[in-house]
Amino acid sequence: MSQQPILEIEKEIIEDFALFDSWEDKYEYIIDLGKKLPALEEEHKIADNKIKGCQSTVWLAAAHEDGRVFFKADSDAVIVKGLVSMLIKVLSGHRPEEILEAKLDFIREIGMMTHLAQTRSNGLLAMIKQMKNYALAYQTIQGLEKK
Amino acid sequence: MTQIDSISLDLDLQAIRSQFPILSRTVNDKPLVYLDNAATSQKPQCVIDALSDYYGRYNANIHRGIHTLAEEATLAYEATRFAVQEFIGAASAEEIIFSRGTTEGINLVAYTWGRQHIGAGDEILISGMEHHSNIVPWQILCQEKNAVLKVIPVTDEGELSMEVYKNLLSDKTKLVSIVQVSNALGTVNPVKEMIDAAHAVGAKVLVDGAQSAVHLDIDVQALDCDFFAFSGHKVYAPTGIGVLYGKRELLESMPVFHGGGEMIKEVSFEQTTYNDLPYKYEAGTPNIADTIALKTALDYIQNIGKATIRKHENGLLAYATAQLESIPGLSIIGKAKEKVSLVSFIVKGIHPQDIGILLDNLGIAVRTGHHCTQPLMKRFGIPGTVRASFALYNTKEEIDILIAGMYKSIKMLS
């Protein structure tokens, strides 16, 4: 399975956003992404997968297969869910070291940094940390398996 | 009192708005529409000037220096105490303790009076619409003392069930700690009636005035409350300064809170004697600048007149309520008969946070979330609300902008 490099996916998102000339278009696109992201199966909506923000909640489930990490996520707020959808698009299906190295500059480039800065109101920043934690854990497991 | 009798005069909104420099800024290229006044109010230029005047002209530590600056600073600081005494109708200025805000005031009572008077099996009554600040300090105290925290339920309209309240009161009740105005619903609670009922069973009453002090006339002697706490930053004053009022005999008999300078009479390694009221509860160098500016803010309110402000705010409340209710799918949370100028609402199928984000893009500042009242949100079965709260400088036109913003947001999110 070949996977496009993280930086290339980020670049595509930045290019997509450059086409929007109003905040409305930008947010309508994110809202649409949020609506299209399939709801997380109830079996994954468990306390261990819950990242509770002060206002909205994110659920994140991870799995690994053939040296790659796969993410599924959900949120009760649709704009956050749209941002979650982009993070999955960028990070899911990559090798742990790629995920750990990802700087995710696209978030700033598309003008969505404010939503990460509001650390208390949503679980986005905690979600990114959690994605990297999973990547680190799988990297460690892989290392042990090789030995 | 310097109060101008301006009840019959309508507010000159343009003049008032020009006194608040922040109101002329833009947010996301739109004129700011600030409707988050229950979180904090904006500051008039005179309050901002008071801070800069203090630091620029007479900054000094108070109560100890004999030089001119120290004397000027001390006089200005103590002048605020008298202004607060008048603002809330206290019997004496010694009953006014400066704090960091309502939260610290409540904690002071919990840690001093509470530790002295609450024992195993005693009961503390709060209500289902309390801010976390008026829940957690009592929870900590009850856990420590094996006391019981009891909760007065909230009706569907967002009022307190007075019948249940009266049934909850007993000779076990040692304290009733109650919010005068709900920050999440806007409900004005009948605190006078509640205080009288509590006193009848020998309980003391603390009134959380964080939301009420800016909207209602406060007379702690008429209320006969034992403690009253409020914050400066919600009454057009700076952050970091608040007030705890307590009846003199209670404050005198309570143990001290923080130890340090200012609160002492004499210190030796064997024993310390404590200062008189109010200094007994003001350890360390206080927040001098913000305290001085608090007086400027209270004078500002008194000069316009609370009755005039209330009349204007009630007009905004009625207009906003009617306009919001006409939006399909929108439900107002909190329909008490008596409310301050604050409307909390939800829209069917839409998360409050999404509405808040889109309104921000339109330059409209509202609060979304649980408003630090998680048990209350649970009571209504919702994760949170959108809250628009109005101050003296808000206009009907701003409510129109909010309503248009709501239609636009709902359309984008549906």
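Cα-based values for chain B, radius of gyration first and Dmax second, are 22.0, 71 Å. When the Cα convex hull of the stretch B:1-149 is projected onto planes of every orientation, the mean area is 14.5 nm². Peptide A:31-39 has a mean shielding of 1, counted as Cβ atoms of other protein chains within 10 Å of each residue's Cβ.
Note on B:345-358: average number of Cβ atoms from other chains within 10 Å of each residue's Cβ is 5.
Scattering from the protein assembly as shown was approximated by placing one identical point on each alpha carbon and applying the Debye formula without solvent; log10 I(q)/I(0) at 0.08, 0.09, 0.10, 0.11 1/Å stands at -0.65, -0.80, -0.95, -1.08. Of all lysines in the structure, those lying under 16 Å Cα to Cα from B:Lys396, and not within fewer than 8 positions of it along the same chain, are B:Lys311.
Packing, taken as the mean count of other beta carbons within 10 Å per residue, orders the peptides B:237-246, A:100-109, A:54-63, B:214-223 from highest to lowest as B:237-246, A:54-63, B:214-223, A:100-109.
Once whole DSSP H runs in chain B are found, which of them have Cα atoms spread over 18 Å or more along the helix axis and a mean Kyte-Doolittle score of at least 0.0? Passing helices, by number: B:68-88, B:288-304, B:396-413. The order of B:Arg387, B:Arg100, B:Arg248, going from fewest to most other C-beta atoms within 10 Å of their C-beta, is B:Arg248, B:Arg100, B:Arg387. Remark on chain A: Rg and Dmax equal 15.2, 53 Å (Cα only). When Rg and Dmax are taken over the Cα atoms of the stretch B:49-133, they come to 18.0, 55 Å.
Per-residue mean of foreign Cβ neighbours for B:366-373 is 2 (Cβ atoms of other chains, 10 Å radius).
Each of the peptides A:73-81, B:153-161 was scored by the mean count of other Cβ atoms within 10 Å over its residues; in descending order, highest first, they stand as A:73-81, B:153-161. Of the cross-linked pairs A:Lys52/B:Lys306; A:Lys50/B:Lys234; A:Lys52/A:Lys146; A:Lys36/B:Lys348; A:Lys81/B:Lys335, those separated by over 29 Å at the C-alpha level are A:Lys52/B:Lys306; A:Lys50/B:Lys234; A:Lys52/A:Lys146; A:Lys81/B:Lys335.
In percent, rounded to a whole number, the relative contact order of chain B is 23, using alpha-carbon pairs under 8 Å and six or more apart.
Each value in this text was obtained by applying a stated rule to the coordinates, not by laboratory testing. Note that the coordinates shown come from a computational prediction; the quantities given were computed from them, not determined experimentally. Every residue, glycine as well, gets a Cβ built from its backbone with ideal geometry; the counts of neighbours run over all protein chains shown.
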